[in-house]
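The values are calculated or read from the model by the stated rules, or taken from the named source; none is laboratory data. For clarity, every value in this text was computed on a predicted model and none was experimentally measured. Cβ coordinates were reconstructed from backbone atoms using ideal geometry, including for glycine residues, and neighbour counts include every protein chain displayed.
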Amino acid sequence: MSALILLNKPYGVICQFSPSGKHPTLKDYVDVPGFYPAGRLDTDSEGLVVLTADGGLQHTITDPRHKLAKTYFVQVEGLPDDAALAPLRAGIALGDYRARPAEALLTAPPDWLWSRVPPIRARQAIPTAWLQLTLREGRNRQVRRMTAAAGFPTLRLIRYSVGPWTLAGIEPGNWQYADSSILRYTKDSSPASGHRHAHGRHSGKRRTT
């Protein structure tokens, strides 16, 4: 059994261990040798980052052929209705490629939502809404490009799950170990159920040394 680390990455943290100069990095939160992220998350996005010390497992998690579901909660500018989400569900064109069909739902703000630092720059005259998007691919800034192409720019993006693993119960900047064996049985698990397969929470608050 290979261990995983589930990190709730805060906004503004770059998804790498090497120093960046401008941004805090994963090393400021996860001080465990040999673990590396299985997939990336944009600096201006928040939420779940899965880390492993097993190169084969890292490949399994990131290889698009395995089509592991990734679920995001996305605050967008505007109030999309069900018809406005149809292009996302059908596979929206993004110029250089067409995204695969995604599961797209209007949702209430998650009850586990934390305050972002800094807060989003919402325009007072324009309302916002929350979407729950589940993708089985992951290209550079794909979620943001998809919502923009649908006419609803992303204001805040939180990755809630990767495959069977979720950030449920993990505070921003904290992490916990998880069991990788669950992957064999739950590649099509429903991540929004709120179940997590992890144990042993660890404070990963940014070190000041």
Output for region 62-99, where each listed residue is on the phi > 0 side of the Ramachandran plot and either over 17 Å from the mean Cα position of the chain (by Cα) or part of a strand (DSSP E or B) (or both): G78, G91, G95
Pairs where the first residue, in region 134-148, is farther than 20 Å from L106 by Cα and the second is in a helix (DSSP H, G or I), C-beta under 6 Å, 6+ apart: E137/P64
Any chance L41 is in a loop (DSSP other than H, G, I, E, B), modelled with pLDDT of 95 or more, among the aliphatic types (A, V, I, L, M) and surrounded by fewer than 22 Cβ atoms within 10 Å (Cβ to Cβ): no
Filtered residues of region 126-166 (kept if of a type in the set (A, V, I, L, M) and part of a loop (DSSP other than H, G, I, E, B)): I126, A150
Residue within region 103-121 that is in contact with a helix residue (DSSP H, G or I) (Cβ under 6 Å, 6 or more places away or on another chain) and either in a loop (DSSP other than H, G, I, E, B) or within 16 Å of G163 (Cβ to Cβ) (or both) present: no
Members of region 119-133 that are over 17 Å from R144 (Cβ atoms) and either surrounded by 12 or more Cβ atoms within 10 Å (Cβ to Cβ) or without any contact (Cβ under 8 Å) to a residue 24 or more places away in the chain (or both): P119, Q124, A125
Residue in region 13-35 that is closer than 17 Å to P153 by Cα and under 19 Å from the mean Cα position of the chain (by Cα) present: no
Scan of region 71-115 for residues that are surrounded by fewer than 19 Cβ atoms within 10 Å (Cβ to Cβ) and aromatic (F, W, Y), ordered by number: Y97, W112, W114
Lone unmet requirement of (1) under 16 Å from R136 (Cα atoms); (2) at pLDDT below 95; (3) in a loop (DSSP other than H, G, I, E, B); (4) of a type outside the set (V, I, T) for H23: (1)
Region 20-40 residues that are on the phi > 0 side of the Ramachandran plot and outside the structural domain of N174 (by TED's automatic domain parsing), paired with ones that are part of a helix (DSSP H, G or I) and hydrophobic (A, V, I, L, M, F, W, C) (beta carbon under 7 Å, 6 or more apart): none
